[in-house]
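> Below is the structure I would like to discuss, written out as structure tokens.
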Amino acid sequence: MTQKQDLQNTVLDLSHKVVKSFYSRRTETILPLLDEQFLWIGSLSFQWTEGAAAFGQLKRGEGESTSVPDIGNEYYNILSSDGKSWVVCGRFTVSLRVDADVICRLLIRVTLVWSQKGERFSLLHLHSSCAKDYPPTGNSSQETRSFCQYLHENLHENAASRDMTPETSIRLSLRDEAGHLHYLTSSEILYVKASNQWCHIVTAFDQFLSFGSLTSFEEKLPGFLRIHRSYLVNSQAIEKLRFNRVYLWNHEELPVSKKRYQEIKKVFKPSPPPESLTPPILF
């Protein structure tokens with residue numbers, strides 16, 4: 001590994017660490033990484049702080065989170081670097097419980113700017129926002145309602161009591177063909193498709209190419225079924241099984257080889273899709 005690649009990995013790992021700590025409200029983990037001139041911009045009007053001290057004071061005032069959200073489908077990309085600063089963009093889903101019965105999944109986008117002095121990196125800027133794709137109503141008061149009120153009024157229909165991260169799920173760190181980093185749990189993957197020396201990794205949110213054979217992915221993905229020489233499928237993603245096809249919860253159809261049909265039929269048990277396999281709610 002070259003020195004440049006080592007630095008790239010360091011920046012991406014630090015970005016991943018900041019995101020996890022930020023959404024878990026582990027402020028004390030983030031503070032040592034902040035530049036004195038750190039600027040944070042969030043989605044809401046009051047979420048603008050200048051200086052590491054001001055950010056620390058604001059976040060401490062929020063208190064510790066009583067429930068830790070699940071972060072998945074993480075994607076990070078280094079946009080630019082000049083030896084003194086690094087710009088990283090990313091996107092991921094956040095799954096949280098509004099109360100004991102409600103689960104919602106949100107799409108978050110972030111930009112992180114790192115300052116480099118020698119071998120030390122400090123975070124100069126963090127901009128995070130929640131995607132809002134609900135149609136404009138022309139009613140400004142409705143469109144500027146608080147985040148929590150919108151959740152309470154609109155997301156109960158999307159409640160789910162399903163297990164979001166099965167005990168057999170494992171965490172993966174995969175690079176795509178462009179070198180961008182994806183953090184996933186195995187439960188978030190719908191299926192894997194072989195493509196020469198690479199494999200298509202398909203989730204409910206994204207798809208990308210990652211280097212490796214289908215056999216190598218089969219060895220590291222518990223709960224996946226080899227339905228065809230070119231396909232490896234998450235058993236929880238299957239809605240129904242027919243003689244030569246499997247039908248997934250995202251409405252895709254995949255081929256099943258005659259050789260493997262009887263074997264799959266024995267182990268397949270229909271069940272509702274887990275929350276990790278459903279697309280995020282965009283609002």
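The values are calculated or read from the model by the stated rules, or taken from the named source; none is laboratory data. Worth saying up front: this structure is predicted, and the values here are computed from it rather than measured. Cβ atoms come from the backbone with ideal geometry, glycine included; neighbour counts cover every protein chain shown.
> Across the range 172-207, which residue is nearest to GLU253 (Cα to Cα) among those that are of a type in the set (Phe, Trp, Tyr), assigned to a strand (DSSP E or B) and in contact (Cβ under 8 Å) with a residue 60 or more places away in the chain?
So, considering only residues that are of a type in the set (Phe, Trp, Tyr), assigned to a strand (DSSP E or B) and in contact (Cβ under 8 Å) with a residue 60 or more places away in the chain, the one nearest to GLU253 (Cα to Cα) is TYR191.
> Also, quick follow-up: Listed residues LEU39, LEU33; which is hydrophobic (A, V, I, L, M, F, W, C), farther than 22 Å from TYR183 by Cα and at pLDDT 95 or above?
After applying the criteria, what remains is LEU39.
> Which of the numbered conditions does VAL11 fail, given that it passes all the others? Conditions: (1) surrounded by fewer than 14 Cβ atoms within 10 Å (Cβ to Cβ); (2) within 23 Å of ARG120 (Cα to Cα); (3) of a type in the set (A, V, I, L, M); (4) in contact (Cβ under 8 Å) with a residue 12 or more places away in the chain.
Just one mismatch for VAL11, condition (1).
> If we scan the range 86-108, do we find a residue that is more than 20 Å from the chain's Cα centre (by Cα), at pLDDT 95 or above, farther than 15 Å from ARG25 by Cα and assigned to a strand (DSSP E or B)?
Yes, the conditions are met somewhere in the range 86-108.
> Return the residues of the range 7-43 that are outside any helix (DSSP H, G or I) and of a type in the set (A, V, I, L, M, F, W, C); say none if nothing qualifies.
Keep residues of the range 7-43 that are outside any helix (DSSP H, G or I), which gives 24-26, 34-43.
Listed by number, the residues that qualify are LEU34, PHE38, LEU39, TRP40, ILE41.
> Check whether at least one residue in the range 230-247 is of a type in the set (Phe, Trp, Tyr), surrounded by 14 or more Cβ atoms within 10 Å (Cβ to Cβ) and either within 20 Å of the chain's Cα centre (by Cα) or not assigned by TED's automatic domain parsing to the domain that holds ALA178 (or both), and report yes or no.
No: zero hits.
> LYS269 versus (1) surrounded by 15 or more Cβ atoms within 10 Å (Cβ to Cβ); (2) basic (Lys, Arg); (3) at pLDDT below 85: which is the lone unmet condition?
Single failed check for LYS269: (1).
> Same structure again: Quick check on the range 208-224: of everything there that is outside any loop (DSSP other than H, G, I, E, B) and among the hydroxyl-bearing types (Ser, Thr, Tyr), which residue is surrounded by the most Cβ atoms within 10 Å (Cβ to Cβ)? Talk me through it step by step, then tell me what you get.
Let us first name the residues in the range 208-224 that are outside any loop (DSSP other than H, G, I, E, B), namely 208-211, 214-220, 224.
Applying the additional criterion that residues be among the hydroxyl-bearing types (Ser, Thr, Tyr) yields 210, 215-216.
Numbers: SER210: 17, THR215: 10, SER216: 11.
Within the range 208-224, the match that is surrounded by the most Cβ atoms within 10 Å (Cβ to Cβ) is SER210.
> Could you check, for the range 175-184, whether at least one of its residues is under 27 Å from VAL11 (Cβ atoms) and modelled with pLDDT of 95 or more?
No, because not a single residue in the range 175-184 is under 27 Å from VAL11 (Cβ atoms) and modelled with pLDDT of 95 or more.
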